[in-house]
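Engineer: My structure is below; once you've seen it, I'll send some questions.
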Amino acid sequence: MSLLVIDSKSPRDIEKMRKAGVIVARAFDKVAGMLAPGVRTDEIDAAVEELVLSRGGKLLFKGYRGFPASTCISINEEVVHGIPGARRVADGDIVSVDIGVRFDGWCADAARTFAVGAISAQRAAVVAAARGALEAGIAVLRPGMKLVELSRAIQDHVESKGLAVVRSYVGHGIGREMHEEPQIPNFVDGSVRQATTVLPEGCCLAIEPMVNAGTYDVETLANNWTVVTKDKKPSAHWEDTVAITAAGPLVITV
Ligand code: MG
């Protein structure tokens, strides 16, 4: 059995990734300022694209396997990979926005779920749990840890709230490419791979729990992109790109 060896980035590489991460963070500031009842999701997408390009970044999602937009925007029961379009955001929606940027050869990827106006308790619960699960995952990061410890911290947080963590989509290593090894399940899958993979100092991870109010089952709509909960209950998504450094976890996308 060959062990999966995870790539380490130097402090200098991580500094470069930070520049991509700052562009992502500025894009979220822009989104937060725009999100209000009546705004179209393609208006948000266009504003993010303009901001990223004006700062010299490239949009990682546009054209990725044919994806037609710069951002993924997923509302309420939509989990991930929603396509921005003519839909207008409504009061009470939860709106997940996922943004990936390459700058000077290095990538950063993050997602936030925004509440528009007053949201239901069920929607608020998935948003809080997704964010909390990401924070719980970041809190356990240290050089040399096993991947399974990260997955367990995320799963335990979500399930302690009586909610479900999506199993069919996972986080990922990130660096010069958006998707690098390892895949990061947000639950303990029982695999040898997850139990034996070591996260070294300098590894960079896009950690991204997706939390459902009902069951973890999801399905893909006829557009072949938008993933929704099978039971149509709400879902939320939070993601940051994080480096494991000797001094502790460094969040790249803030
Ligand atoms: Mg990602």
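Only the coordinates and a few stated rules stand behind these numbers; no lab work does. Keep in mind the model is a prediction, meaning the values are calculated, not measured. Positions of Cβ are backbone-derived with ideal geometry, glycine not excepted, and every protein chain shown enters the neighbour counts.
Engineer: Only helical DSSP H runs with n ≥ 4 go in: add -39500 (n - 2.57) per run for the chain, normalise by residue count and round the 222 nm mean residue ellipticity to 500 deg cm²/dmol.
Structural biologist: Mean residue ellipticity, 222 nm, calculated: -10000 deg cm²/dmol.
Engineer: Let me check I've understood the local charge: for LEU250, count other residues with C-beta under 14 angstrom from its C-beta, Lys and Arg +1, Asp and Glu -1. What total comes out?
Structural biologist: Around LEU250, the surrounding residues sum to +2.
Engineer: May I pose another question? What does the charge count around LYS232 come to, taking other residues whose C-beta lies under 12 Å from its C-beta (Lys +1, Arg +1, Asp -1, Glu -1)?
Structural biologist: Details: positive: LYS230, LYS233; negative: GLU77, GLU78, ASP217, GLU219, ASP231.
The answer is -3.
Engineer: While we're on this one: Residue farthest toward the positive end of the dipole of the chain, with Cβ of Lys/Arg at +1 and Asp/Glu at -1: which of PRO84, CYS204, PHE67?
Structural biologist: Highest projection toward the positive end goes to CYS204.
Engineer: For LYS161, enumerate residues with amide H under 5 Å from its amide H, sequence gap 5+ or separate chain, H modeled in the peptide plane.
Structural biologist: Residues meeting the amide H criterion: none.
Engineer: Starting at the first residue of the range 191-197, write each ³J(HN,Hα) from the Karplus equation 6.51 cos²θ - 1.76 cosθ + 1.60 with θ = phi - 60°, in whole Hz, x for Gly and Pro.
Structural biologist: 7, 4, 4, 5, 6, 9, 5
Engineer: How many angstrom separate the Cα center of the range 62-103 from the Cα center of the range 187-254?
Structural biologist: Each part reduced to its Cα centre gives a spacing of 16 Å.
Engineer: Per-residue counts of other Cβ atoms within 10 Å, averaged by peptide: what ranking do you get for 140-148, 47-55, highest first?
Structural biologist: 47-55, 140-148
Engineer: Would you list, by chain and number, the aspartates and glutamates whose Cα falls below 18 Å from the Cα of LYS16, excluding same-chain residues fewer than 8 positions away?
Structural biologist: Within the straight-line limit of under 18 Å, LYS16 reaches these aspartates and glutamates: ASP7, ASP104, ASP109, GLU177, GLU180, GLU201, ASP240.
Engineer: Determine ³J(HN,Hα), in whole Hz, for all residues of the range 69-80 in sequence, where each value follows from phi through the Karplus function 6.51 cos²θ - 1.76 cosθ + 1.60 and θ = phi - 60°; x replaces Gly and Pro.
Structural biologist: Along the range 69-80, the couplings run 9, 8, 10, 9, 10, 10, 10, 6, 6, 6, 8, 8 Hz.
Engineer: Are any of the pairs LYS19/LYS230; LYS161/LYS232; LYS19/LYS232 more than 29 Å apart by Cα-Cα distance, and if so, which?
Structural biologist: On the way: LYS19/LYS230 38 Å; LYS161/LYS232 19 Å; LYS19/LYS232 38 Å.
Checking Cα-Cα distances, LYS19/LYS230; LYS19/LYS232 exceed 29 Å.
Engineer: Okay, next question. P(r) tail for the chain, what percent of Cα pairs lie past 25 Å?
Structural biologist: Numbers: 12718 of 32131 pairs.
Counting every Cα pair in the chain, those more than 25 Å apart make up 40 percent.
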